[in-house]
Each structure stands twice: as C-alpha cells, then as structure tokens.
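Notes to accompany the following structure.
The values are calculated or read from the model by the stated rules, or taken from the named source; none is laboratory data. Model, not experiment: these values are computed from the prediction. Quick reminder, even Gly has a Cβ in these numbers, built from the backbone with ideal geometry, and neighbours come from all protein chains shown. Side chains included, ligands, DNA and RNA excluded: accessible areas come from the protein's heavy atoms. Shrake-Rupley method; radii C 1.70, N 1.55, O 1.52, S 1.80 Å.
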Amino acid sequence: MLSVAIFAGLWYWFVKTDIGYGITHAIRQPLFVALPIGLIMGDLQQALIVGAAVQILYIGLVAAGSNLPADDALAGLIAIPLALATGLSPELAVAIAVPIGIAGVFIDQLRKTVNIIWVHLADRYAANASTRGIFLANFVYPTILGFFLRFPIVFFAVYFGADAVESVLDAVPEWLLHGFSVAGGLLPALGFALVIFVIGRRDLLPWFFIGYFFVAYSSIPVLGAAIFGVCVVLLIAGYTRSRNVSAVEAEERPSADDRAAHSPEPERGPGNTTTTDAELAPGADGIPTLTEKDVRKSWFRYYLFAETGISYERLQALGFTHGLLPILKKLYPKKADLSAAMQRHLVFYNTEAVFGAPINGVVISMEEQRAHGKPITDDAITGIKTGLMGPMAGLGDSIDWATMKPLIFALAAALGATGNIFAPFILLLLPLFQIIVGLNLATTGYRQGRSSIQDLLRSGRVKELITGASTLGLFMMGVLSATYISLTTPLSFQFGDGNEPFVVQDILDGLAPGILPLLVVLGLYFTLRRRKQNLGLIALILVAIALLGALAGIF
Amino acid sequence: MIEGIKLVRVDFRLIHGQVITKWSRTVNTDRIVVVNDELAVDEFMADVYVMAAPPDIQVDVYAIGEFVERVQAGQFGRGNVLVLFKSIADAKATLDAGLVFPNLQIGGLGSGGGKTSVVRGISIDRQDADQLEAMQSAGSNVTFQVTPEEPQLSLDKAVKKLR
C-alpha cells in the first residue's frame, strides 16, 4: 500500500495545481487514475471497472465560476485503491467515493482563499516589472502550498484506509452491506440528473426518453447506442442546415464574395480602426511586430496557467497576466511601460479559457497597437476584457463543460466499465478539442479584432454545436441511465394458497422495463431545479433511502 | 405587476457561466433581461450578450427607464424571465422608479476599493449595504448566493460582516 499511497498523494497534488486546464482535468478523473493505480496494484481490469463506476458520478460536474461542487480526483484516488485492496464491489466503491468527493470541496475553498496572498504579492512584483515574480505568484507559491493541502490527506487515507474499510466490512450486518450496494447502484442517477440539469434544454428532453427506452427495450450496449445517437444528430443537423440555407437563399443571401468586396482588408484591432501594413512594419518604431505564432503561444500559456494561481479575490487575473507576459515583454522594452502593462492586467478576470480565447487575441492586438503609439487607454483594454469575459464564459461553460465533457467522459466510462485499457485515453479528447478550438479562436481574435466575436456568434455554427451536443447529451444520459442505474425490488405478495405469487418487479416490467431507475433520475432532476441545491444532502438522502429500503426488504 | 419575473440578480459579470449553466436552469428561464444604461447604448456589447446566449434563451438589453416601462406595461407577464443588474445602484434605481421585486439575489460583486467580502465572490461596502437595507425595508427580500450549490446568506447576516 505504501507505493500506491505515495503515488495517489503525489498525483492529487499534481493534478490539483490545475496546470493545463482541461489536461489536468482529464488526467485527474477516476477513470484515468485507475490506470496507474491498477498497474501499481497489479489488477488493471478491476481498477478500470471500479474507476469507470466512480467516474459515472462525476461526468456532470460543471465548476462554473470555478466553484467546484465535488472533488472527482479525491474520490477516485482514495476509493479505487481502497476498493482494490479490500475487494469491494464497484457499487460499494461508489458509496464510499461520494462522501470523499464532497469533503474535497473544502480543500479547494481553502486554497482559493490562501491564494489571495499571492495575488497581492504579484501586485508588488508588477510594480517592479518582475515577470519572474508573476511566475512565482501564479505557479510556484500555489504549488508549494498545494503540496501540504493535497498530499497528506490522500497519502494517509490510502495508507491506513484499507484496514479501516476491512474492519468496517467485518463488523456491519449483511443488510447494511446490501443497503450500501443498493445506494451505489442509485448514486450514478445523481450524476446523470446533473448532466440533464446543466444541459437544461427542456425542449429536447424527449431525447432522454428515446435513449432510455431504446436501451431498456433492446438491451443494446452503450457504445452501440452512441453510434445510433451520433448518426441521428448528424442527420438532423444536415436537414436543418439545408432547410435554413434554402430559406436564407430565398431572401437573397449575400455571398461570400460580396462580403469580401465590402472589406478588402481584414479588419485589425478593436472596432473599426484599420491599420495598414506600413504602420506596423517591423522596426519602424523599434518595436517588433507580433506574429500569429506569438498569439498562439500566448494563449496556450494562458491555457496552461489560467487557474494555477486562482483566488477568490481576482480569479484568473494572475493566469491571464502570466499568459500575456511574453507579448508584453516584446512590446514594452521600457521597464516603466512593462510594469504599467502588468498592473493593467492584474485585475479581476474570469472566463472559460477556451471560448474566452478571442479575448486573448483581441487584447494582444490592442496592446500591440498601443505599443505602436495608438491612443488606446487602460479603460478600453479592461473594458473589452470585463465586458466579454462573462458572455464568453457562458458560452464556453455550456459547450465545453456542460455538453462536450459529459459526452466524452460518458463514452470513456462506458468503455471503461468493460475493462478496456483504451478507455482512460478517451478522456483526453476533451483537452484535445479545447486546444484546437482555443488556438483557432485566439488567432481569429487577434486578426479580426472584436468583430471576430460577432462573426463567431452570428455564424450559427456555435448554436448548431450546442444544440447538436445537447441533443446527443440528453440521448446518452437516457442510454446511461438505463444501463448503469440498478434498482429492482424483490417484493412479492401471496394471496391465498392456490394463487401464483404477485411479483411486484414483474408487474413493473410489464408496464415498461426499467421504470424504477427512470423515476429516480427524473425525481433527482426535479430536485436539482431548486434554488438551494445541496448535492451532499441529496446524496445522503439517496443513501438513507437505499439503507431503509434494504432494511425493510423493499430493495 | 412583476409577474413572469422569476429571478432578479445583481451580478457585476451579468451573463456568465454560473448564470447560464446553473441559475437559468433552476428557474427554467426562456428569457434573460440585462438592465443597464451603458450597455443599452453599446451596440457591440449588447449584440454579444444577445448572441452568446444558448439557443433556447432570448436575451434583451434594456436601459433602466425602458425596463421599468416594459414591466409596468406587463410585457413579461407570461414569461419565465431572469433579470440581471450590474450593480446594486442600478437595482436601487429601478426600485426608486417604482418597481419593488419581492426577492433580490446578490450573486457576484467584485472586490477592491475598500469593499469587504461577505460571501466568497461577493464584496460590498457600507454604501451598498445602506442601499440594500433601503430596498429590504421597501419590501424586497435581499439574499446573497453565488450558485445554487452554495449556501444562501440573508442581508442581516451579510451586513454584520461589515465593520
């Protein structure tokens, strides 16, 4: 247990630095950590199966505004080794993962509170134009702090937890164990209900039922159902597009050529300030001209460090500044200018790093023009940032975290449940998607200025993506609910000696297969739509119902 | 008079992830109304707000005066509307213009300038507190809550955190 305890502690520390945004988000998932844990403990198959079971709980977590509702990494890194060491079933592993995940939220709150110290330090570094200081404040100090917050708790829980779990298993009566298994079979329903909630499209809710009964009646495996789902969504998108195009053509659509004729030169910078190439010739004023490669590198740096120094006071202020540093250093050779630029960016900033990428591009272009002497004020730059960060976060959270993440993670978990070794790597599709999109949006933002954002939003591709992914997401939640939530009742009544016993489950199956799990998901979905949403309490009530039901012999 | 308005929130970031993925879903909104005088005349920004919303949510940006008129004309009567103010002062101005919301949620206000953090992510100063208290005594129940998962704090408790 020593080696796996050390590994789990170190891994928790590393992934919770949040370096690499979606990258660490993917590799901290229970399904991903199952791989190294399984290899260390010599039972890869079982590790993947347990990891996938725990994973399912966490496919619907959206940390909007960086408020994490539960700690997926802590849950997986403790529950999987303990389950392997004590031979717990995946259902029981799920039942212990849930409280651990909820406890993890407090560590994160503590971190974001303490990180405020580093932002204030960064203010002083910026006053001295110390770029190294920004790196220290955004990465080095929070990471050192992180070791003490992260490593010990996981190390001790894994190292000593197995014995504790064993003795509990020996001591508890059979019905209680059965009750926890029932709870483990029910808890994934909370994960699915959360996804339905964050997707939120009630108009598309029938897709959930289609997915559910498709699987309930045909017993098709998840990946098979996914293939059907993807095809149907693509067909719908295709039909809708051809219908919209013909509708627009009827109203005389301006062709791409027309638009090109209106703006022969691509717009540069914010608003309509167009700058000719001559003005930006390298060396004309001794300041180097930026390339799109600089912009891509700067955004990627922001993607890596956006949340490493996140704090309640200014959230991504440090990360944004950190990403811009190479640009600012290039543009402002004078120390006073560099210092002013750094201070200008150390203000409250928070957005979704991927769909917020056009902001990085626009800001870089504004800084470049300012460095070349254009009258662009601090307020103009801050105004663009604070004005756009909200809408772009709303968009990005809906696409990246509320639809793409559950889709990709659900597929990975479904594959992982079969013990497939490729499953953890599917999780990496999320950061891959994000990096491709982010690099593109950042360069477009730089090239076209703020009008790129209108173009992006107006093109309809974004809405198409949201609707398509939401449709598929709801369908897949139906598929997963029918596959992974288990709830049956052994109840039967005997009326008179001569009659056949009256088996409740048979009656329910006669109505529609799997009706009990369906009711659980729907019930949880409506519970979540309340203004006070206490996930811990809901999970606790779910467990209590399972235990009482087991005691009473209903489940 | 305020029928159809399901949630009134003060949030300096207006529309963002918490509003879109959480609150708009809890109140099942089909329309978000952003009330702010500057934005109402900023064509670019208003355009971004309108277009960045999910396909099933309509967004409108109104100046305070126009918003008050529209509410009084009963234009939101049949909707599930979520109203967003950028600042406490804007919400107060709306109240002074004659609209009393039964509930007012303070959801996000930046720090700095001598403000005190009363809930993580929400900072206010004495002047803010005075305005909120005035609104509360005018009949608005003022609460502080960032996301549905986070605890809700009453105005009285929030004010006690100010020195």
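So which of B:PHE44, B:PHE67 is more than 14 Å from every other protein chain (Cβ to nearest Cβ), part of a helix (DSSP H, G or I) and either modelled with pLDDT of 90 or more or crowded, with 24+ Cβ neighbours inside 10 Å (or both)?
On the way: B:PHE44 fails: more than 14 Å from every other protein chain (Cβ to nearest Cβ).
Only one candidate passes the filter, namely B:PHE67.
Looking at segment A:522-544 only, could you name the residues that are touching a residue at least 12 places away in the same chain (Cβ under 8 Å) and closer than 14 Å to A:HIS178 by Cα?
Scanning segment A:522-544 gives a single hit, A:VAL543.
Could you go through segment A:375-386 and let me know if any residue there is crowded, with 24+ Cβ neighbours inside 10 Å and either away from every other protein chain (no Cβ under 14 Å) or farther than 30 Å from B:LYS22 by Cβ (or both).
no
Quick grid of which residues meet (1) closer than 27 Å to A:TYR58 by Cβ; (2) surrounded by fewer than 23 Cβ atoms within 10 Å (Cβ to Cβ):
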residue	(1), (2)
A:VAL437	yes, yes
A:ASN440	no, yes
A:ARG447	no, yes
A:GLN454	no, yes
A:LEU465	yes, yes
A:GLY473	yes, no
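A:GLY468: within 14 Å of chain B (Cβ to nearest Cβ) and either touching a Cys at 6+ places or on another chain (Cβ under 7 Å) or touching a residue at least 12 places away in the same chain (Cβ under 8 Å) (or both), yes or no?
Working: within 14 Å of chain B (Cβ to nearest Cβ): yes; either touching a Cys at 6+ places or on another chain (Cβ under 7 Å) or touching a residue at least 12 places away in the same chain (Cβ under 8 Å) (or both): yes.
When the stated conditions are applied, A:GLY468 passes them.
With respect to the numbered conditions (1) open to solvent by less than 10 Å² (accessible area, probe 1.4 Å); (2) part of a helix (DSSP H, G or I); (3) not assigned by TED's automatic domain parsing to the domain that holds A:TYR302, which one is the sole condition not fulfilled by A:GLY419?
(2)
Given (1) open to solvent by less than 40 Å² (accessible area, probe 1.4 Å); (2) closer than 26 Å to A:LEU388 by Cα; (3) modelled with pLDDT under 80, where does A:THR274 come up short, assuming only one miss?
Evaluating A:THR274 over (1) open to solvent by less than 40 Å² (accessible area, probe 1.4 Å); (2) closer than 26 Å to A:LEU388 by Cα; (3) modelled with pLDDT under 80 leaves (1) as the failure.
So, of the residues in segment A:535-552 that are open to solvent by less than 40 Å² (accessible area, probe 1.4 Å) and modelled with pLDDT of 85 or more, which turns out to be farthest from A:LEU194 (Cα to Cα)?
Our first condition is that a residue be open to solvent by less than 40 Å² (accessible area, probe 1.4 Å); within segment A:535-552, this holds for A:535-536, A:538-539, A:542-543, A:546-547, A:549-550.
The next check asks that each one be modelled with pLDDT of 85 or more; those that pass are A:538-539, A:542-543, A:546-547, A:549-550.
Values: A:ILE538: 12, A:ALA539: 12, A:LEU542: 14, A:VAL543: 17, A:ALA546: 20, A:LEU547: 23, A:GLY549: 24, A:ALA550: 25 Å.
Among those residues, the one meeting the criterion is A:ALA550.
Conditions (1) at positive phi; (2) touching a strand residue (DSSP E or B) at 6+ places or on another chain (Cβ under 7 Å); (3) at pLDDT 95 or above, marked per residue:
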site	(1), (2), (3)
B:GLN75	no, no, no
B:ASN80	no, yes, no
B:GLN105	no, yes, yes
B:LEU109	no, yes, no
B:GLY114	yes, no, no
B:LEU153	no, yes, no
B:LYS160	no, no, no
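For residues that are more than 26 Å from A:ILE59 (Cα to Cα) and open to solvent by 70 Å² or more (accessible area, probe 1.4 Å), tally how many sit in segment A:158-196.
Residues that pass the stated criteria total 9.
Mind checking which helices (runs of 4 or more DSSP H) fall wholly inside segment A:301-373 and carry at least 2 residues that are within 14 Å of chain B (Cβ to nearest Cβ) and under 25 Å from A:MET404 (Cα atoms)?
Where helices (runs of 4 or more DSSP H) fall fully within segment A:301-373 and carry at least 2 residues being within 14 Å of chain B (Cβ to nearest Cβ) and under 25 Å from A:MET404 (Cα atoms), they are A:357-371.
Tell me which residues, restricted to segment B:9-22, are more than 8 Å from chain A (Cβ to nearest Cβ) and either part of a helix (DSSP H, G or I) or crowded, with 24+ Cβ neighbours inside 10 Å (or both).
Correct list: B:VAL10, B:ASP11.
Looking for whichever is open to solvent by 10 Å² or more (accessible area, probe 1.4 Å), within 21 Å of the chain's Cα centre (by Cα) and within 14 Å of chain B (Cβ to nearest Cβ) here; the options are A:ILE23, A:ILE102, A:ILE19, A:ILE27. Which one fits?
On the way: A:ILE23 fails: within 14 Å of chain B (Cβ to nearest Cβ); A:ILE19 fails: within 14 Å of chain B (Cβ to nearest Cβ); A:ILE27 fails: within 14 Å of chain B (Cβ to nearest Cβ).
So the residue among A:ILE23, A:ILE102, A:ILE19, A:ILE27 that is open to solvent by 10 Å² or more (accessible area, probe 1.4 Å), within 21 Å of the chain's Cα centre (by Cα) and within 14 Å of chain B (Cβ to nearest Cβ) is A:ILE102.
Among the residues of segment A:482-526 satisfying the criterion of being surrounded by 17 or more Cβ atoms within 10 Å (Cβ to Cβ) and within 14 Å of another protein chain (Cβ to nearest Cβ), which is farthest from A:ILE554 (Cα to Cα)?
A:TYR525
Quick one: is A:MET389 over 18 Å from A:ILE59 (Cα atoms) and either acidic (Asp, Glu) or open to solvent by less than 40 Å² (accessible area, probe 1.4 Å) (or both)?
Working: over 18 Å from A:ILE59 (Cα atoms): yes; either acidic (Asp, Glu) or open to solvent by less than 40 Å² (accessible area, probe 1.4 Å) (or both): yes.
Considered against the rule, which asks whether it is over 18 Å from A:ILE59 (Cα atoms) and either acidic (Asp, Glu) or open to solvent by less than 40 Å² (accessible area, probe 1.4 Å) (or both), A:MET389 comes out as yes.
Evaluate segment A:212-221: report whether one residue or more is assigned by TED's automatic domain parsing to the domain that holds A:ALA53, without any contact (Cβ under 8 Å) to a residue 60 or more places away in the chain and among the β-branched types (Val, Ile, Thr). Lay out the reasoning, then the answer.
Here is the first cut: in segment A:212-221, the residues assigned by TED's automatic domain parsing to the domain that holds A:ALA53 are none.
No, every residue in segment A:212-221 fails to be assigned by TED's automatic domain parsing to the domain that holds A:ALA53, without any contact (Cβ under 8 Å) to a residue 60 or more places away in the chain and among the β-branched types (Val, Ile, Thr).
Can you name every residue in segment B:152-163 that is in a strand (DSSP E or B) and among the aliphatic types (A, V, I, L, M)? Explain how you work it out, then say what you get.
Let us first name the residues in segment B:152-163 that are in a strand (DSSP E or B), namely B:153-154.
Within segment B:152-163, just B:LEU153 meets the criteria.
Could you say whether any residue in segment B:89-98 is open to solvent by 60 Å² or more (accessible area, probe 1.4 Å) and under 12 Å from the mean Cα position of the chain (by Cα)? First the steps, then the outcome.
Applying the first criterion (open to solvent by 60 Å² or more (accessible area, probe 1.4 Å)) to segment B:89-98 yields B:96.
Add one more test, that the residue is under 12 Å from the mean Cα position of the chain (by Cα), and what stays is none.
No, segment B:89-98 contains no residue that is open to solvent by 60 Å² or more (accessible area, probe 1.4 Å) and under 12 Å from the mean Cα position of the chain (by Cα).
Restricting segment B:23-38 to residues that are in a helix (DSSP H, G or I) and touching a residue at least 24 places away in the same chain (Cβ under 8 Å), which is farthest from A:ILE384 (Cα to Cα)? Please lay out each step first, then the result.
Residues of segment B:23-38 in a helix (DSSP H, G or I): B:23-26, B:37-38.
After this cut, where a residue has to be touching a residue at least 24 places away in the same chain (Cβ under 8 Å) as well, the list is B:23-24, B:26, B:37.
On the way: B:TRP23: 25, B:SER24: 25, B:THR26: 30, B:ASP37: 17 Å.
If we take residues in segment B:23-38 being in a helix (DSSP H, G or I) and touching a residue at least 24 places away in the same chain (Cβ under 8 Å), then B:THR26 is farthest from A:ILE384 (Cα to Cα).
Could you name every one of the strands (runs of 3 or more DSSP E) located completely within segment B:72-151 that has at least 3 residues being within 14 Å of chain A (Cβ to nearest Cβ), of a type outside the set (Asp, Glu) and without any contact (Cβ under 8 Å) to a residue 60 or more places away in the chain?
Details: elements: B:81-85, B:103-108, B:116-119, B:122-124, B:141-144.
Counting at least 3 such residues, we get B:116-119, B:141-144.
For segment A:207-240, give me the residue count where each residue is part of a helix (DSSP H, G or I), open to solvent by 70 Å² or more (accessible area, probe 1.4 Å) and not hydrophobic (A, V, I, L, M, F, W, C).
Residues that pass the stated criteria total 2.
A:ALA129 - would you say it is out of contact with any strand residue (DSSP E or B) (no Cβ under 9 Å at 6 or more places or on another chain), assigned to a helix (DSSP H, G or I) and in contact (Cβ under 8 Å) with a residue 12 or more places away in the chain?
Numbers: out of contact with any strand residue (DSSP E or B) (no Cβ under 9 Å at 6 or more places or on another chain): yes; assigned to a helix (DSSP H, G or I): no; in contact (Cβ under 8 Å) with a residue 12 or more places away in the chain: yes.
So A:ALA129 fails the test.
Please tell me if A:PHE555 is touching a residue at least 40 places away in the same chain (Cβ under 8 Å), more than 12 Å from every other protein chain (Cβ to nearest Cβ) and outside any helix (DSSP H, G or I). Give the derivation first.
Details: touching a residue at least 40 places away in the same chain (Cβ under 8 Å): yes; more than 12 Å from every other protein chain (Cβ to nearest Cβ): yes; outside any helix (DSSP H, G or I): yes.
Against the criterion (touching a residue at least 40 places away in the same chain (Cβ under 8 Å), more than 12 Å from every other protein chain (Cβ to nearest Cβ) and outside any helix (DSSP H, G or I)), A:PHE555 qualifies.
For the subset of segment A:397-419 comprising residues that are in contact with a helix residue (DSSP H, G or I) (Cβ under 7 Å, 6 or more places away or on another chain) and not hydrophobic (A, V, I, L, M, F, W, C), which member is nearest to B:ARG13 (Cα to Cα)?
The selected residue is A:ASP397.
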